[in-house]
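Right, one structure below, let's go through it.
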Amino acid sequence: MRLAAYVLLADPSFLAASLRAYYDRVDRIVLSYDETSTSWTGTPLPVDECLAIVKELDTDDKCVHAPGRFARLDEHPLDNDTFQRQTALDEASRDADWVLQLDTDEVMLSPDAFVGSLGRAEAAGASGLDFPSRWLYSRVAPGRYLEASSRLGRPAASYPGPLAVRAGTRLVHARQADVPLYRVDLGPWNTDPARPRDAIVHEVVDPGAAVLHFSWVRRPEAMRQKFGWSGHTAHYSRPGVYESWVERTRHPRRTALTSPFRRRDWFRLVTVPEPPGGEP
């Protein structure tokens, strides 16, 4: 099974840790970035910093540069997101059977578990691997994080889209694809609050083998910068979103203890492996 990957170069925060986790498992990594260092929303991106990080870790010359013009400011940011991903996926599909599509703030805890599940997805005839992410909200101490959870503090899976798809797949929205999925979860029943309770689960992995998504784990200045360039501007621009993040980060124990009393946005305090390099 020939594996390739693509990454969208925009955010240096966890880039090195993300790539190193699967670098030895793939034949090629397509580096997609805007040649003008402009985001989908028109803000500047630290592309040169990202390229410098990749150059240092690409010891086997697996990375292929694929610049383009993806800041189409007359288009919706999420349409630009999908367009850039599809362009990168098409390039990565050459001479590959499957393409990994992890964002640069997503870090595999167990590449062996991930590749094993991918092999079983292939054997099952699936065209996409829905592998669970654990969504980290903030870093409160070295190795200690606020993590999105069930209402009662149990592990909860998150699925931003299949983290691997067959070469040649057409994306419909960001990473999402309308293809048969092989779904891996953290328990024998669905743990994703965004999905029906009876959603099918083909395979179970331990939470220690999931992908860590350091989605909101940033210093305040970096968080504000991400709010500006993300395709999810409608969410980030809602009143109180940044202020809630600051408040919960300052009071993580209170946030975890009061979670069962909220209607949504549940969190627990967890200890997880610190990515190489620690806090960005």
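Picking from Thr104, Thr59, which residue would you name as being in contact with a strand residue (DSSP E or B) (Cβ under 6 Å, 6 or more places away or on another chain), farther than 23 Å from Val201 by Cβ and of a type in the set (S, T, N, Q)?
On the way: Thr59 fails: in contact with a strand residue (DSSP E or B) (Cβ under 6 Å, 6 or more places away or on another chain).
Of Thr104, Thr59, the one residue that is in contact with a strand residue (DSSP E or B) (Cβ under 6 Å, 6 or more places away or on another chain), farther than 23 Å from Val201 by Cβ and of a type in the set (S, T, N, Q) is Thr104.
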Scan segment 161-194 residue by residue and report those that are over 17 Å from the mean Cα position of the chain (by Cα) and free of Cβ contacts under 8 Å to residues at least 40 places away in the same chain. Asp178, Gly187, Pro188, Trp189, Asn190
Set Asp61, Asp95, Asp74, Asp79: member being free of Cβ contacts under 8 Å to residues at least 24 places away in the same chain, out of contact with any Leu (no Cβ under 7 Å at 6 or more places or on another chain) and either part of a strand (DSSP E or B) or on the phi > 0 side of the Ramachandran plot (or both): Asp61
Within segment 159-182, considering residues that are in contact with a helix residue (DSSP H, G or I) (Cβ under 9 Å, 6 or more places away or on another chain) and of a type in the set (Ser, Thr, Tyr), the one surrounded by the fewest Cβ atoms within 10 Å (Cβ to Cβ): Thr169
Within segment 107-136, residues being buried (at least 22 other Cβ atoms within 10 Å of the Cβ) and either among the β-branched types (Val, Ile, Thr) or in contact with a helix residue (DSSP H, G or I) (Cβ under 7 Å, 6 or more places away or on another chain) (or both) number 5
Can you give me the number of residues within segment 145-182 that are touching an Asp or Glu at 6+ places or on another chain (Cβ under 7 Å) and assigned to a loop (DSSP other than H, G, I, E, B)? 7
Might you let me know whether segment 246-268 holds any residue that is closer than 30 Å to Leu19 by Cβ, at pLDDT 90 or above and within 20 Å of the chain's Cα centre (by Cα)? yes
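For segment 18-50, enumerate the residues that are assigned to a helix (DSSP H, G or I), among the hydrophobic types (A, V, I, L, M, F, W, C) and either surrounded by 23 or more Cβ atoms within 10 Å (Cβ to Cβ) or touching a Leu at 6+ places or on another chain (Cβ under 7 Å) (or both).
Leu19, Val47, Cys50
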So which residues in segment 1-18 are of a type in the set (D, E, K, R) and under 19 Å from Ser117 (Cα atoms)? Arg2
Those residues of segment 203-230 which are charged (D, E, K, R) and modelled with pLDDT under 70 amount to Arg224, Lys226
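For segment 139-184, enumerate the residues that are acidic (Asp, Glu) and over 28 Å from Ala126 (Cα atoms).
Answer for segment 139-184, where residues must be acidic (Asp, Glu) and over 28 Å from Ala126 (Cα atoms): just Glu147.
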With respect to Ala5, determine if the residue is small (Gly, Ala, Ser), modelled with pLDDT of 95 or more and not in a loop (DSSP other than H, G, I, E, B). yes
When you scan segment 231-240, do you find a residue that is over 13 Å from Pro155 (Cα atoms), modelled with pLDDT of 85 or more and buried (at least 18 other Cβ atoms within 10 Å of the Cβ), even just one? no
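The values are calculated or read from the model by the stated rules, or taken from the named source; none is laboratory data. Every value quoted in this text rests on a predicted model; they were computed, and no experiment measured them. Please note: Cβ atoms are built from the backbone with ideal geometry, for glycine as well, and neighbour counts cover all protein chains shown.
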